Amino acid sequence: MRLLVVDDEEGMREGMRRILERAGHEVETAADGEAALRLLAGPPYDIALVDLKMPGVDGFQVTRFANERAADRTVVVIVSALATVEAAVEVVRHGAFDFLVKPFVPADLLAVVERASRQRRLMAERETYLSELNSERTLSRQLIDSLRDGVIVLNVKARPVLMNTRAEYLLGVGFREDLGLDELRLDGPARAMIEDVLAAHGGGEYHQVRLEHGGTVLDIRATPWLRSGEKAGVIVQLGDVTEQARTESDKNRFISMVAHELTSPLAAISSYLAIVLEGTLDGQPERIKEIMGRSKARADALLELVKDLQYLNRREAGRVTRTVERLDIAEVLRGQLEFYRGQAERRTVDLRFEVGPGETTANVDRGDLDRVFMNLISNGIKYNREGGTLTVRLDPRPDRLEIRFEDTGIGMSEAEQAGLFQEFYRAHNAQTQGISGTGLGLATVRRVLAAANGRVDVHSTPGEGSTFTVTLPRSP
């Protein structure tokens, strides 16, 4: 132990030093209160033995200073000839641990120092425990703050005692102990759930609600907070399930649209076949041939729909093999336009191709490129007017290629353009009746181009035509 002996009597001071050093302690001495204050201002001592009556700064002042500087590290023992109850009470009131009455024998001194040493060790253990406890609390707080879910601990009065940063973010409110459920914006079903948990007897209950909060969809779970077997409040967890909810909504919408798109052609095919099987058209081979042709057209449309769905599914699952290579986009477009020339002639649509000055190559996947161009050229012919034109223009730019598909067809309203790139979207009006399609072509175009860091834009005027502009990076 590191000890300080403070006494204005040199004989007493030196005698105590010798006894304590022989007992194995490290001892420093001070001849008066002023010297003691200077020493106590430095590194703390384990034990200070302080004479009560000294000229100038007395033992009480030294004790107060030691307690102010290092109350949790220095044990003060008062050494005095005043052996009264009043003196002992006054010593304790000033923060001293023990009292040694003069005169004393070495055994008395060593005994009081041993008691003070035990106290110092207890203080050290307490200091270590508090430090470890603080570290554990800091670690616990860091762990709670690192959770992806928001966490709020409410007491039995539904007031927060803990709230992590994720909960503050999700609810848009900072932690304060005086916050109520209204201020926490936990109302409606969430409030009712929390109140039910607080009112219920026992533990182990688990409650959950889902609600939308400021555009964010939250799963809110509440479980009892038990302390020593008694309910102390409720633990509320907030899970952000916005993306999951959106995915579920999209999936349900997708399934509904697929069911709708499959039902109509299948119902038509079933009706056509029923007419033939019932014998209604017996002896009318031309009518039977016409109906079977309609059935085949509907079946072909279903097959195209299934193929498009399979392609989208493979693409979303990452099972589409892509080979990026340097291609001359002008040559690809010429080949595609030639492929569709027969279809265009049957519709009396004039196909034109224009190329601006500059390099027309880009690093792309040929399969992706064909799918994009085939959809846009096919649509430009199908939704065109008889005797109309489809002009494809390729304009090279330093870092990209811009390809415009400009038709003189029926055009689209702004409302129709807004839903154009959604799965299964088709504009339904008098001019589009009888035009076949799966409603997946433009959705596929958008996804394919997005994967290549490209994009597709549309500008259309009803009755005048539409222009689709593809922006294709040279190096996706």
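The values are calculated or read from the model by the stated rules, or taken from the named source; none is laboratory data. Remember, predicted model here, so these are calculated numbers, not experimental data. In this analysis, Cβ positions are derived from the backbone assuming ideal geometry, glycine residues included, and neighbour counts consider all displayed protein chains. Only protein heavy atoms, including side chains, enter the accessible area calculation; ligands, DNA and RNA are left aside. Shrake-Rupley method; radii C 1.70, N 1.55, O 1.52, S 1.80 Å.
Data for the structure
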item	result
Which numbered condition Pro265 fails, given (1) in contact with a Leu (Cβ under 7 Å, 6 or more places away or on another chain); (2) under 24 Å from Leu442 (Cα atoms); (3) open to solvent by less than 60 Å² (accessible area, probe 1.4 Å); (4) modelled with pLDDT of 85 or more	(4)
Every residue from the stretch 13-28 that is open to solvent by 50 Å² or more (accessible area, probe 1.4 Å) and touching a residue at least 12 places away in the same chain (Cβ under 8 Å)	Arg17, Ala23, Glu26, Glu28
Any hit, the stretch 124-139, residues being open to solvent by less than 60 Å² (accessible area, probe 1.4 Å) and modelled with pLDDT under 85	yes
Qualifying positions in the stretch 14-65 - over 19 Å from Phe97 (Cα atoms) and among the polar types (S, T, N, Q)	Thr29
Residues that are of a type in the set (Val, Ile, Thr) and within 13 Å of Met1 (Cβ to Cβ), drawn from the stretch 16-40	Val27
Filtered residues of the stretch 35-78 (kept if farther than 22 Å from Glu90 by Cβ, assigned to a helix (DSSP H, G or I) and either open to solvent by 40 Å² or more (accessible area, probe 1.4 Å) or in contact with a helix residue (DSSP H, G or I) (Cβ under 9 Å, 6 or more places away or on another chain) (or both))	Arg38, Leu39
Enumeration of residues in the stretch 210-251 that are among the basic types (Lys, Arg) and either open to solvent by less than 40 Å² (accessible area, probe 1.4 Å) or under 19 Å from Leu181 (Cα atoms) (or both)	Arg210, Arg221, Lys231
